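What follows is a single structure, written as structure tokens, with notes after it.
Values quoted throughout were computed directly from the atomic coordinates according to the rules given, and no laboratory measurement underlies them. Here the structure is a predicted model, which means the values were calculated and not measured. Positions of Cβ are backbone-derived with ideal geometry, glycine not excepted, and every protein chain shown enters the neighbour counts.
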Amino acid sequence: MTAGSPIIAPAGRLRRVEWRRHWRQLNAESRWGVVILALILVLSVSVPFLSPNDPYSFVDQPLQPPSAAFFFGTDHLGRDLLVRVFAAARLDIALAILGVSVPIVIGTFIGTLAGTTRNRVAETVWDGLVNALTAFPEIILVLGIVAMVGADIRGLLIAIWISRWAQYARIARAKSLALRDAEFVQAAQVLGYSQLRILVRHIMPNVFSEALAYALSDFIFIIVIIGGLSFLGLGVTPPTPEWGAMLAEGRLYLRTEPWLILFPGFFLSLTAIGVALLARGLERISKGEDE
Amino acid sequence: MLRLLRHPVLRRLAQAFFVAFLLMVFAFLLIRLIPGDPAMILLGDEATEEDVLAYRKLLGIDGSIPSQFGRYVANLVRGDFGVSIRSREPVLSIVGKRLPVSLWLTVTTIVMTVGLALPLGVAAALYRRTWFGHAFQIGASVMVATPVFFSGLLLILLFAVQVNLAPIAGYHAGFPANLYYLWLPALTINFVLVPVLARILQSSIVETSSEEFVEAAIIRGTQGWRFYWRYLLRPSLAPTIAALGYFAATVVSYAVIIEIIFNLPGLGMTLVDAVRNRDYPLVQGIVFLSGLLVVGLTFMADLVNGWLDPRAKIR
């Protein structure tokens, strides 16, 4: 144990150097994306923490315009809009991450499974299955599932999980089709490893990187779906602070108090723009287009 | 029969039918997602045995699952999509009543998309190294990432509240009066759609312009409209049309939220109401039909593609 410690000690510094190297590899687009997302994350943690106001409770006269006391003004129930916008950021980002993470695992697994089978009939059925599931207009399918499971956060997440895995499966299948005859897979087969082990330990890790690239653009879509369904009153419901639900509430005061929609909408869009910039930047790096 | 399938268009058609069948399976399975007995959920705890049985029959969930599915398919083929629980009206007749509004919205949107995306994509390709090209890239990224329910509210704020060029919400049937109510919703959908398509068009024009037949046309001295259409635009349109087919699903999706924002009494509003009222058969019917619509549109986009660009002919 003592012999190991000097080797472990500089690891922290090494990691910092590594971070700096990663940052240098990024292009302008992805750097902007990282900066925007970091800003939103920091604000969403610090604002509700530092502010004396609670996102759920009345603090002052309703419908005040932005002022020094309330940077974003107050909403129709006299709540501090600033605190609510960033409490919503926390919830929305957490839900979107939850929404992305389950389909990516399920989809990659199913897709890899489908990509490594050599059964012709299974392939035809598979194509039809994925084409059919992706043929449904996304929001309509989510609405359909929410109608059955229940119009709340749980129903919304289940609907996203059921409807979003197919794209990952499609990507994973295409990639694993190319991998199933690779030499390292043959080597693993010669070593006598079980099919499942080869699938999970040897093929899936190689498929995952491409799925992760798609996950970034899927994140944008999912955060829009979460906001959209909550906007329709079928996801996160008031009084819980959520961007879409806040837009739906603020919409009634559009004519006279437009800041009620401007702030939540702006930060929702900014989050999506940050992720989009990051995704585009990374895509161009991986294609070797610049820097 | 199997030899007929060698014809590429017929094979695509057969695939489309297979997908349509699977859509039916999904729509049928949808009602299975309900936790517990749907009839009990709708009727409450104090329902009598007879009521529950009657409701199960109404929902098509009496008998064994294979027989349920058989009946479901047989009914769908005959055009029977069940009955709305709320109004007891056949689902198909509700859809028929609400469909025109949604279709008008879709058509207005697509016309606007083509009118905006074509010039924008061409300009972005020709001037891609100038300030316009850079502004286009940034603007497109921002617009694509803005959710329609926010851009819709912004456009209402701008065009309906500030300048009064459009109504805040509502609808009146009848062409051309309905365009007054439709142009702003259509513009909202295009806020997302146009940047995506213009970008695809831009990159495929850039790609086409390095092809040998373009060079040959320039050497032959082809000029003006003939050059731009025949040698630059037409061969570049295929990916854009394919994308338009692909984004048909997105348009139909966004139309749901747009109809709610602008209070348009179309299918989207019907669907959202049905979800709120737990009107299971109506939800099932609309979900299935929307999937069918997208399969049809994608198929058509493929056909148009083959006509536009001989290189992309369906194989």
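Numerical summary
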read-out: Out of A:Arg154, A:Arg90, sole residue that is among the basic types (Lys, Arg) and within 14 Å of another protein chain (Cβ to nearest Cβ); value: A:Arg154
read-out: One residue from B:Phe136, B:Phe159, B:Phe150 being touching a residue at least 60 places away in the same chain (Cβ under 8 Å) and either within 12 Å of another protein chain (Cβ to nearest Cβ) or assigned to a helix (DSSP H, G or I) (or both); value: B:Phe136
read-out: Some residue of segment B:242-264 being of a type outside the set (Val, Ile, Thr), under 28 Å from B:Gly79 (Cβ atoms) and outside any helix (DSSP H, G or I); value: yes
read-out: Any hit, segment B:278-286, residues being outside any helix (DSSP H, G or I) and at the interface with chain A (Cβ under 10 Å from one of its Cβ atoms); value: yes
read-out: Condition broken by B:Arg129, with the remaining ones in (1) away from every other protein chain (no Cβ under 14 Å); (2) assigned to a helix (DSSP H, G or I) satisfied; value: (2)
read-out: Qualifying positions in segment A:201-243 - surrounded by fewer than 17 Cβ atoms within 10 Å (Cβ to Cβ) and among the acidic types (Asp, Glu); value: A:Glu210
read-out: Residue in segment B:35-50 that is exposed (fewer than 15 other Cβ atoms within 10 Å of the Cβ), more than 23 Å from the chain's Cα centre (by Cα), small (Gly, Ala, Ser) and closer than 20 Å to B:Ser87 by Cβ present; value: yes
read-out: Index of the failed condition, A:Gly233 passing every other in (1) on the phi > 0 side of the Ramachandran plot; (2) of a type outside the set (Phe, Trp, Tyr); (3) more than 14 Å from chain B (Cβ to nearest Cβ); value: (3)
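Yes/no per residue for (1) without any contact (Cβ under 8 Å) to a residue 60 or more places away in the chain; (2) in contact with a strand residue (DSSP E or B) (Cβ under 7 Å, 6 or more places away or on another chain); (3) not hydrophobic (A, V, I, L, M, F, W, C):
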| site | (1), (2), (3) |
| --- | --- |
| B:Phe21 | yes, no, no |
| B:Leu30 | no, no, no |
| B:Lys57 | yes, no, yes |
| B:Pro66 | yes, no, yes |
